[in-house]
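Enquirer: Got a structure for you, written out below as structure tokens; questions coming shortly.
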């Protein structure tokens, strides 16, 4: 039997690592795997009066640049619509809203390389379209 984790187990572990990483840096993780009919947001955090929606992407063998392409415009739109659902139900803090991406790469020594992209994309055009 292989020691390799299933894709779901691997992704769940990456989200755990990202949540710990962000918590260690002063972020308060207030929700995980927030689901709507339009999709899911991996992590929702508070930091310095910002409500931060975090997409976590993980890999065993791609570069961070290759992983980041998985958060394309279509994915950004889905994240925005999920975030809009959350905001309509829960409101926003005074600081505003931000979208971050955490790119994680598992190394052969069971460690993780983490690239946290703060304010990874803007949703101004989407906000005009949906608000």
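Enquirer: For the stretch 92-125, give me each residue that is modelled with pLDDT of 90 or more and either part of a helix (DSSP H, G or I) or closer than 21 Å to residue 48 by Cα (or both).
Expert: Within the stretch 92-125, 97, 98, 99, 100, 101, 102, 115, 116, 117, 118, 119, 120 qualify.
Enquirer: Mind checking which residues of the stretch 1-15 are over 26 Å from residue 49 (Cβ atoms) and in a helix (DSSP H, G or I)? Talk me through it step by step, then tell me what you get.
Expert: Restricting attention to the stretch 1-15, the residues satisfying the condition of being over 26 Å from residue 49 (Cβ atoms) are 1-14.
If the condition is that a residue be over 26 Å from residue 49 (Cβ atoms) and in a helix (DSSP H, G or I), then 7, 8, 9, 10, 11, 12, 13, 14 are the ones that fit.
Enquirer: Does residue 85 meet the test of being in a helix (DSSP H, G or I), in contact with a strand residue (DSSP E or B) (Cβ under 9 Å, 6 or more places away or on another chain), surrounded by 13 or more Cβ atoms within 10 Å (Cβ to Cβ) and on the phi < 0 side of the Ramachandran plot? Give the derivation first.
Expert: Values: in a helix (DSSP H, G or I): yes; in contact with a strand residue (DSSP E or B) (Cβ under 9 Å, 6 or more places away or on another chain): yes; surrounded by 13 or more Cβ atoms within 10 Å (Cβ to Cβ): yes; on the phi < 0 side of the Ramachandran plot: yes.
Against the criterion (in a helix (DSSP H, G or I), in contact with a strand residue (DSSP E or B) (Cβ under 9 Å, 6 or more places away or on another chain), surrounded by 13 or more Cβ atoms within 10 Å (Cβ to Cβ) and on the phi < 0 side of the Ramachandran plot), residue 85 qualifies.
Enquirer: Any residue in the stretch 69-80 that is modelled with pLDDT under 75 and either within 17 Å of residue 22 (Cβ to Cβ) or within 13 Å of the chain's Cα centre (by Cα) (or both)?
Expert: Scanning the stretch 69-80 turns up at least one residue that is modelled with pLDDT under 75 and either within 17 Å of residue 22 (Cβ to Cβ) or within 13 Å of the chain's Cα centre (by Cα) (or both).
Enquirer: Continuing with the same structure: Taking residue 33 and the conditions (1) surrounded by fewer than 18 Cβ atoms within 10 Å (Cβ to Cβ); (2) in contact (Cβ under 8 Å) with a residue 40 or more places away in the chain; (3) not in a loop (DSSP other than H, G, I, E, B), which numbered condition does it fall short on, given that it satisfies the others?
Expert: (2)
The values are calculated or read from the model by the stated rules, or taken from the named source; none is laboratory data. All figures in this text were calculated on a predicted structure; none of them were measured in a lab. When we count neighbours, we look across all protein chains shown, and the Cβ atoms used for this are built from the backbone with ideal geometry, even at glycine.
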